[in-house]
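Just below is one structure, and these are the notes that go with it.
The values are calculated or read from the model by the stated rules, or taken from the named source; none is laboratory data. Note that the structure is a prediction, hence the values are computed from the model and not measured. These area figures cover heavy atoms from the full protein model, side chains too; ligands, DNA and RNA do not enter into them. Shrake-Rupley method; radii C 1.70, N 1.55, O 1.52, S 1.80 Å.
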Amino acid sequence: MGSTLRQDVDFNALFKKLGHHLDEIRVRALENILSKLEHKLICDSDLVQERHLFIRLLEWFNYPKSSRHSDVLNLLCRLSE
């Protein structure tokens, strides 16, 4: 696939929510992405070219109240392979 996002999924909104100041919203956005991957609605290649996603995932660890660190690390590892 090329470096453009699929047009049928609003990735930009998901990526933006991954950087939200509320942990609950970040977690829902992460779960949304993980669910889409699990159910094969999107694939790794849809995400690997997206610099904004990687930045948001890395920023996850900068929030004072943050959860789901292992899921974020697993997703980062998965996409980096």
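Regarding the chain, what is the average projected area of its C-alpha convex hull, in nm²?
Result: 4.9 nm².
Residue-wise, which Karplus ³J(HN,Hα) couplings in Hz belong to region 75-81, taking 6.51 cos²θ - 1.76 cosθ + 1.60, θ = phi - 60°, and x for glycine or proline?
Per residue, the Karplus-derived 3J(HN,Hα) values read 5, 4, 4, 4, 6, 7, 6 Hz.
Using a 1.4 Å probe on the protein chains only, how many percent of the accessible area of the chain belongs to carbon and sulfur?
Carbon with sulfur: 51 percent of the solvent-accessible area.
Counting only helical runs of four or more DSSP H residues, what would the 222 nm mean residue ellipticity of the chain come to if each run contributes -39,500 (n - 2.57) and the total is spread over all its residues?
Calculated mean residue ellipticity at 222 nm is -17500 deg cm²/dmol.
Quick check for you: with a 1.4 Å probe and neighbouring chains kept, what is the accessible area per residue of the chain, in Å²?
That works out to 66 Å² per residue.
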